[in-house]
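Notes to accompany the following structure.
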Amino acid sequence: MKRRLKVFAGRSNQSLAKDICNSLSIDLGRMSYTKFSNCNIKVRIEESVREDDVFVVQSGYPDTNEALVELLIIIDALKYASASRITAVMPYYPYVRSDKKDEPRISITSRLVADLLETAGADRILTMDLHAPQIGGYSRIPLDQLLIQPTLCNYIEEKGLENYIIAAPDVGSAKRAEGFARRLDVPMVILYKRRYRDDEKAKITRIIGEVKGKDCFIVDDEVSTGGTMIEACHVLKDAGAKNLYAGLTHGVLTNDACKRIEQSPLSEFITTNTIEQPDFSKFKKLKVLNVANLFSEAIAAIHMGTSVSKLFS
Ligand code: R5P
């Protein structure tokens, strides 16, 4: 018996889920939610999923904790409704930056998320651009990680820049930046960043590589407060860089990040809709790439049992 493909979505990124369904030419699965006065959530799957191959789209932002619990409840409901296989599709993985024990007595929360998904009944995880590749190994169920690199590299090439380099805003982003630089066959530089406290103020103290007279394309996995990106821009400008561009997968964009980016030396700031974005029309420098096709192709490949990594080659 051929299992039917179904896509359901939590409330964190309904617009991406609908775009994914449009691209797959299917309707979004029907589900109802109730949030009680005691803050408990109830989910009811409003159609049969017996023996179906089900994908649940839920991003880990804006309300990370509620999105995570809602996803676990949806998976549990689908499991008890006899879905044959359940894939948690998390375009932005919750707690992705809590990926290591770099201080005493802290939780590796991104590993805990993987444990919770497995306990709830997920059979697979599909996500995009993890903060660090080791997170892929935290779960004992298969995890596929999509990358923005091919899409963003095409975008960069279409700009037709002449004399440009790729910049990693911190040492943690160096490997990612190297992937871009290799693919585009251009040089790269690495900035040395320190965060002194959890107050998220980043300070860049060194540039490794030559930037004078060059356009710079800064690549990162996410921008949250914008602190890292804006600090990187000022340091690169002071070192003689010409035009500055930024490309990153997850536009968390907390506080007044959009406004600060708009006022920064950046010529363009490119992100994606892994996180549901508001209307950016008043911010001229912000551009959002839609990743729905990438996710729908990966979902189709997982459903058909064909290669997901071929999507990156
Ligand atoms: C950190 O290691 C990440 O790669 C990003 O650089 C960081 O999440 C950016 O955060 P913010 O925009 O708050 O500086």
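The values are calculated or read from the model by the stated rules, or taken from the named source; none is laboratory data. None of the values given here were measured: they were computed from a predicted structure. Virtual Cβ from ideal backbone geometry, glycine too; neighbours counted across all protein chains shown. Keep in mind that these areas ignore ligands, DNA and RNA; they rest on the heavy atoms of the full protein, side chains included. Shrake-Rupley method; radii C 1.70, N 1.55, O 1.52, S 1.80 Å.
If you count only protein heavy atoms with a 1.4 Å probe, what accessible area per residue comes out for the range 265-313, rounded to a whole Å²? Don't jump to the answer; show the numbers that get you there.
Numbers: 2260 Å² over 49 residues.
Spelled out: the 1.4 Å probe surface of the range 265-313, per residue, equals 46 Å².
Per q in 0.11 1/Å, what log10 I(q)/I(0) does a Debye calculation on the alpha-carbon atoms of the chain return?
-0.70
I'd like the per residue volume of the convex hull spanned by the Cα atoms of the range 1-150, given in cubic angstrom.
Values: hull volume 19.6 nm³, N = 150.
Measuring per residue, one finds 131 Å³ for the Cα hull of the range 1-150.
At q = 0.15, 0.16, 0.24 Å⁻¹, what is the log10 ratio I(q)/I(0) for the range 89-147, with the Debye formula run over Cα points and no solvent?
-0.39, -0.44, -0.95
I need the semi-axes of the equivalent ellipsoid of the range 161-304: take the C-alpha gyration tensor, multiply each eigenvalue by 5, square-root it, list largest first in whole angstrom.
Working: eigenvalues 123, 73, 47 Å².
Those come to 25, 19, 15 Å.
Going by Cα centres, the range 142-201 and the range 6-29 are how many Å apart?
Computed from Cα coordinates, the inter-centre distance equals 29 Å.
Rank 27, 102, 52, 256 by accessible area, highest first, at a 1.4 Å probe radius? Intermediate values should be presented prior to the final figure.
Numbers: 27 135, 102 100, 52 5, 256 75 Å².
Ranking 27, 102, 52, 256 by accessible area, largest first, yields 27, 102, 256, 52.
Please build a GNM for the chain, connecting alpha carbons under 10 Å apart, and tell me which residue among 73, 26, 135 fluctuates the most.
26
Which of the lysines could be linked to residue 284 by a straight reach, that is with a Cα gap under 24 Å, when you skip same-chain ones fewer than 8 residues away?
159, 214, 237, 242, 259
Along the charge dipole of the range 5-60, Cβ charges K/R +1 and D/E -1, which of 28, 40, 57 sits furthest on the positive end?
It is 40.
Straight-line reach only, C-alpha to C-alpha below 24 angstrom: list the lysines that residue 101 could link to, leaving out same-chain residues fewer than 8 apart.
Candidates past the 8-residue exclusion: 175, 193, 201, 203.
So which chymotrypsin sites (Phe, Trp or Tyr not before Pro) in the range 1-71 pass both tests, a DSSP loop state and at most 12 other Cβ atoms within 10 Å of the Cβ? Working shown, then result.
Details: sites: 8, 33, 36, 55; in loops: 36.
Counting only loop positions with at most 12 other Cβ atoms within 10 Å, the chymotrypsin sites (Phe, Trp or Tyr not before Pro) in the range 1-71 are 36.
Would you mind getting the accessible area per residue of the range 143-240, heavy atoms of the protein chains only, 1.4 Å probe, in Å²? Don't skip to the answer; put the middle values down first.
Numbers: 4830 Å² over 98 residues.
So the range 143-240 comes to 49 Å² accessible per residue, rounded to a whole number.
Looking only at 145, 134, 14, which one moves most when the chain is put into a Gaussian network model with springs between Cα atoms under 10 Å?
With Cα springs under 10 Å in the chain, the top fluctuation among 145, 134, 14 is at 134.
Give the carbon-plus-sulfur fraction of the accessible surface of the chain in %, rounded to a whole number; probe 1.4 Å, heavy atoms of protein chains only. Show your work: numbers first, answer last.
Numbers: 7110 of 14790 Å².
Of the solvent-accessible surface of the chain, carbon and sulfur hold 48 percent.
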